[in-house]
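Chemist: Please read through the structure below; I'll follow up with questions.
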Amino acid sequence: MSDEIELKLALSPQGPTQLMGQPLLKTLASQTVTLGNQYYDTAEGILQSRRVALRVRRQGDRRLQTLKSAAESQGGLSSRGEWEWSIDNAACNPAGLDLNGLRELDHPAFSGLDLETLRPVFTTDFERRLWRYQIDGSDIEIALDQGSIHAGDARLPICELELELKHGLPEQLWTLAQRLCGPSAPDAPTLPARPANHSKASRAGCLGSGWPAPIVIETVSVDALIDAIDNWQDSQHPAWLASAQTRCDRLVHQWKMRRIAPHREHDERIEAAERILADLGQGVVPWRGQDWLVLRHKGA
């Protein structure tokens, strides 16, 4: 098992073009791969309810089977368990799964589950452009994903940037994100981005089964706000927009109430949240990459 530590940013449709103009990326070698992913679950969605995702990824002639646990956010960084192995030479069942490998894994998510009931439920197909960035002993993979999620006849776009820490200090993820979200040149716009907590698998699960109704949260956090915007952007349901507005407004109020004396970082956080709230008030997705980094890095 390995742990993924990453920052993920959803991009506006114009985001990839602006990202490619970043001077830093022009100094790095890149490669592009096409990835096709078939996800599996039971008819009742047992794996989704247990917060794991099982997929088979096709990359050229290779096939990899992967089990991922749900991401947990800590201070703005997400971390999740991942188990991955090649099934090129494995004896797979008619659905295309290496069931023996799953049995050997002995993961609690499969407790009491008949593995033969696992079936294809949705696909994610996208093009991934990769760069590798190394600085001060840290190694970071930069991945730009563009494609689509399909569940039956329903579809969602994929347009996101992932910064995954391969080795080194998590703080370097924030430093790199700040560079990529800044203007590519004087007077140029900043990267139209926002943090996204929902994985491709969780988005596909909602696409297939429907989005949950918003709930009232006693203690509002930045991640709770991001979750509401994730659901609103995919579902386009006005209840999720209203929930995002309420959560953002409460965050601003909470932070103002905590302010005892003027403090630059505290005031920057409030001002960033107010700009995001203004966008939500106009029914606009807040593609404010630098403001979001202020909230995720310093917010609570």
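Bear in mind these aren't lab numbers, they're just calculated from the coordinates by the rules spelled out. Quick caveat: nothing in here was measured; it's all calculated off a predicted structure. Every residue, glycine among them, receives a Cβ derived from its backbone with ideal geometry; neighbour counts consider all protein chains shown.
Chemist: Just to check, using Stokes-Einstein with a Kirkwood Rh over alpha carbon pairs, what's the diffusion coefficient of the stretch 2-181 at 10 °C and 1.306 mPa s in µm²/s? Before the final figure, lay out each step's value.
Modeler: Details: Rh = 17.8 Å.
Rounded, D is 89 µm²/s.
Chemist: Pick out which of LEU251, LEU115, LEU67 has the largest mean-square fluctuation in a Gaussian network model of the chain, springs linking Cα atoms closer than 10 Å.
Modeler: Highest fluctuation among the options: LEU115.
Chemist: Further question on the same structure: Using packing as a proxy for protection, rank 271-277, 102-108 so that the peptide with the highest average count of other Cβ atoms within 10 Å comes first.
Modeler: Working: 271-277: 18.9, 102-108: 12.7.
Going from most to least packed, we get 271-277, 102-108.
Chemist: If we count other beta carbons within 10 Å of each Cβ, what is the order of PHE122, PHE110, fewest first?
Modeler: Numbers: PHE122 23, PHE110 20.
Arranged by neighbour count, lowest to highest, PHE122, PHE110 become PHE110, PHE122.
Chemist: In addition: Please give the net charge around LEU161, taking every other residue with its beta carbon less than 12 angstrom from that of LEU161, where Lys and Arg add +1 and Asp and Glu add -1. Could you put the intermediate results ahead of the total?
Modeler: On the way: positive: LYS8, ARG128, ARG129, ARG194; negative: GLU6, GLU141, ASP145, GLU160, GLU162, GLU164.
Result for the local shell: -2.
Chemist: What are the ³J(HN,Hα) values, in whole Hz, obtained from phi via the Karplus relation 6.51 cos²θ - 1.76 cosθ + 1.60 with θ = phi - 60°, for each residue of the stretch 31-36 in sequence order, with x given for Gly and Pro?
Modeler: Whole-Hz 3J(HN,Hα) from phi for the stretch 31-36: 9, 10, 10, 9, 10, x.
Chemist: Could you pull out every residue, at least 5 positions away or on a different chain, whose amide H is within less than 5 Å of the one on PHE122? Hs are placed 1.01 Å off N in the peptide plane, and Pro or chain starts have none.
Modeler: TYR39
Chemist: With the calculation restricted to Cα positions, what are the radius of gyration and Dmax of the stretch 141-300 in angstrom?
Modeler: When restricted to Cα atoms, the stretch 141-300 yields Rg and Dmax of 16.5, 55 Å.
Chemist: Between THR246, HIS266, LEU277, whose Cα lies farthest towards the positive end of the dipole of the stretch 211-298 when Lys and Arg beta carbons carry +1 and Asp and Glu beta carbons carry -1, centred on the Cα centre?
Modeler: HIS266
Chemist: What does the convex hull of the alpha-carbon atoms of the chain project to on average, in nm²? Walk me through the numbers before you get to the answer.
Modeler: Numbers: hull surface 69.0 nm².
Computing the convex hull of the Cα atoms and averaging its projections yields 17.2 nm².
Chemist: What list do you get for VAL52, VAL285 if you sort them by fewest beta carbons within 10 Å? Kindly include the intermediate steps, with their values, before the conclusion.
Modeler: Numbers: VAL52 21, VAL285 16.
Least to most surrounded, the residues fall as VAL285, VAL52.
Chemist: Moving on. What is the order of TYR40, TYR133, fewest Cβ neighbours within 10 Å to most? Display every interim value, and only then the final one.
Modeler: Details: TYR40 22, TYR133 19.
In order of increasing Cβ crowding within 10 Å: TYR133, TYR40.
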